[in-house]
Amino acid sequence: MTSEDVTDTLKQAYMDEIETVMNYLTNSIVLDGVSAEEVKESLHEDIQEELSHAEMLGERLKQLDEQPPGSAEFKPSQETLQPPEDTTDVYSVIDGVLDAEEDAIETYRTLIKQAEEAGDPVTEDIGVTILADEEAHRTEFRGFKKEYKGDRA
């Protein structure tokens, strides 16, 4: 088995991934303007990746005789990733994505450490796999931020 810390972190990561799917989907729909198209496309593509992360986490919880949380347990936390009032404000969405990715990276690093300490190499491997995806996504959005920063100057 594994530790309660590991299963608690798995549940939190699961809910975070579901929230990310919701916010990426909404922002990929509501952003307007020619300069938003590349970011919208990236968000839309990443929805499936984030959903697959949630599926992996949920399956791991099931393997550990736990249940993924339902919506009644959900507490939103991605304040900076909410759709902007000004739907052409692509920069605020980029910042929101970067905040969400930083949070995810921190969560998966914690999960990896907890799983290692608990002697749970399967969960540790899942954490490493998802961490690599989140770091790649952060890198992509850092690039978007550099481009859009130039546009705002």
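Could you check how much of the accessible area of the chain is carbon and sulfur, as a whole percent, using a 1.4 Å probe?
Details: 4090 of 8430 Å².
Ligands and nucleic acids excluded, carbon and sulfur give 49 percent.
Which whole-number percentage describes the relative contact order of the stretch 98-138, with Cα contacts under 8 Å and a sequence gap of 6 or more?
Numbers: 31 pairs, mean separation 21.0, N = 41.
Answer for the stretch 98-138 is 51 percent.
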Notebook entry, point to check: Rounded to the nearest 10 Å², what accessible area does S42 show when all protein chains are kept and the probe is 1.4 Å?
Noted result: 10
Notebook entry, point to check: Solvent-accessible area per residue for the chain at a 1.4 Å probe radius, Å²?
Noted result: 55
Next item on the list: Select from the stretch 71-153 those GluC sites (Glu not before Pro) which occupy a DSSP coil region and have at most 10 other Cβ atoms within 10 Å, ordered by residue number.
Entry: E85
Item checked: Which label in (i) 97; (ii) 154; (iii) 128 gives the computed volume of the Cα convex hull per residue in Å³ -> (i)
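So, R0 is 25 Å and r is the distance between the beta-carbons of S71 and V122; what FRET efficiency does that work out to, to 0.05? Working shown, then result.
Working: r = 27 Å, r/R0 = 1.07.
Once rounded, the FRET efficiency stands at 0.40.
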Next item on the list: Just need the relative contact order of the stretch 1-122 here, percent rounded to a whole number, with Cα pairs under 8 Å and 6+ apart.
Entry: 38
Margin query: Using protein chains only and a probe of 1.4 angstrom, how many square angstrom of D5 are accessible, to the nearest 10?
Written below: 90
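Contact order normalised by length for the stretch 1-69, with contacts defined as Cα pairs under 8 Å and 6 or more residues apart; what percent is it? Before the final figure, lay out each step's value.
Details: 56 pairs, mean separation 31.9, N = 69.
Relative contact order, the stretch 1-69: 46 percent.
The values are calculated or read from the model by the stated rules, or taken from the named source; none is laboratory data. Just so it is clear, the model here is predicted, and its values are computed rather than measured. Cβ: placed from backbone, ideal geometry, glycine included. Neighbour counts: every protein chain shown. Ligands, DNA and RNA are excluded from the accessible area calculation, which covers all protein heavy atoms including side chains. Shrake-Rupley method; radii C 1.70, N 1.55, O 1.52, S 1.80 Å.
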